[in-house]
1. Find all pairs meeting these conditions: Cβ atoms under 8 angstrom apart; at least six residues apart or on different chains; first residue within segment 1-17 and closer than 16 Å to ALA80 by Cβ and of a type outside the set (D, E, K, R); second residue modelled with pLDDT under 95 and outside any helix (DSSP H, G or I).
2. Can you find a residue that is acidic (Asp, Glu), at pLDDT 90 or above and either touching a Leu at 6+ places or on another chain (Cβ under 9 Å) or not in a strand (DSSP E or B) (or both) anywhere in segment 208-228?
3. From ILE37, ILE11, grab the single residue that is surrounded by 15 or more Cβ atoms within 10 Å (Cβ to Cβ) and β-branched (Val, Ile, Thr).
4. Can you go through ALA87, ALA62 and tell me which one is within 18 Å of the chain's Cα centre (by Cα) and at pLDDT below 95?
5. Would you mention how many residues in segment 9-42 are in contact with a helix residue (DSSP H, G or I) (Cβ under 6 Å, 6 or more places away or on another chain) and β-branched (Val, Ile, Thr)?
6. Go through LEU21, LEU79, LEU72 for me and flag whichever is touching a Phe, Trp or Tyr at 6+ places or on another chain (Cβ under 7 Å), over 25 Å from VAL186 (Cα atoms) and not hydroxyl-bearing (Ser, Thr, Tyr).
7. If I filter segment 77-125 down to residues being in contact with a Lys or Arg (Cβ under 9 Å, 6 or more places away or on another chain), among the aliphatic types (A, V, I, L, M) and in a helix (DSSP H, G or I), which single residue comes out as surrounded by the most Cβ atoms within 10 Å (Cβ to Cβ)?
8. Any residue in segment 43-66 that is closer than 30 Å to PHE237 by Cβ, assigned to a helix (DSSP H, G or I) and out of contact with any His (no Cβ under 6 Å at 6 or more places or on another chain)?
Amino acid sequence: MLNLQACRSKIERAKKHIRDLDLARVAFLGTNPYVGIPKFHPEENQTVFVLESIPGVPNEIAAILGDAIHNLRTALDYLASELVRSAGNEPKGVYFPIADTAEKYEAESGGKTKGMPKEAKEIIDRLRPYGGGNYFLWALHKLDIIDKHRLLPAVGMKIGGWQISLSLTPTEYNFSFPSVLENGDVIGWIPGDHVADKQMSISADITFGEPEVFKGRPMMQALADLIDFVEAIVFQFETHYSPPSHL
């Protein structure tokens, strides 16, 4: 029977970090950090809305994000170690194997799972935990490595459009614009001079800023997916080695 209590404790700790992360995220977005600057173009008789001086996402958010990622990755390493112990072996240099490519996985996974039951290694193999195989496992591994060297980048992104209420003629306009917000982005335009009308807001969220990983996906959504996936793996081994009794 596997003892996965420590493994599940790491998952619960990750969930705690994610709750804290959401509080920090809501507090930051509540400051209305992404404001469009209206600029009137008289030759075209239109007001263009431009993003300027976009604030960076607070380091606190990136730090909590890294803690959540690390706890999820560690939960899988705890699982691998427990699988080795279940076979009566001492886990030395044991990790849940994840690699950038299938070739690297083939070359490295045997050493990282030494002492693990053959059937357990076969279950892991079927998960295809490498780039081009299982995206969620590869992404978790990649993010954890990045966080060991620097804060995980997080950036603002749009989830909806601009909502602008003009003071004289209350009207709502929705403009589309790039997923990742950058200084100088032209959001859209409306006829006439509306430079004096500053009632505007944007529907925004925070995404991972690492180009390779979860590009354009809201941070909280991606973390929820990772939690579900790690828990599913743990449950798979839990039920395989300790099937529930039927009374």
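The values are calculated or read from the model by the stated rules, or taken from the named source; none is laboratory data. These numbers were taken from a predicted model, which means no experiment stands behind them. For neighbour counting, all protein chains shown are included, and Cβ atoms are generated from backbone atoms with ideal geometry for every residue, glycine included.
1. LEU2/SER242
2. Taking segment 208-228 and keeping what is acidic (Asp, Glu), we get 210, 212, 225, 228.
Still in the list and also at pLDDT 90 or above: 225, 228.
If we keep only those that are either touching a Leu at 6+ places or on another chain (Cβ under 9 Å) or not in a strand (DSSP E or B) (or both) as well, we get 225, 228.
Yes.
3. Numbers: ILE37 fails: surrounded by 15 or more Cβ atoms within 10 Å (Cβ to Cβ).
Of ILE37, ILE11, the one residue that is surrounded by 15 or more Cβ atoms within 10 Å (Cβ to Cβ) and β-branched (Val, Ile, Thr) is ILE11.
4. Numbers: ALA87 fails: within 18 Å of the chain's Cα centre (by Cα).
One residue alone meets the criteria, ALA62.
5. 2
6. Result: LEU79 is the single residue among LEU21, LEU79, LEU72 that is touching a Phe, Trp or Tyr at 6+ places or on another chain (Cβ under 7 Å), over 25 Å from VAL186 (Cα atoms) and not hydroxyl-bearing (Ser, Thr, Tyr).
7. In this case the residue turns out to be LEU83.
8. To start, the set of residues in segment 43-66 that are closer than 30 Å to PHE237 by Cβ comprises 64-66.
After this cut, where a residue has to be assigned to a helix (DSSP H, G or I) as well, the list is 64-66.
Add one more test, that the residue is out of contact with any His (no Cβ under 6 Å at 6 or more places or on another chain), and what stays is 65-66.
The answer is yes; a qualifying residue exists.
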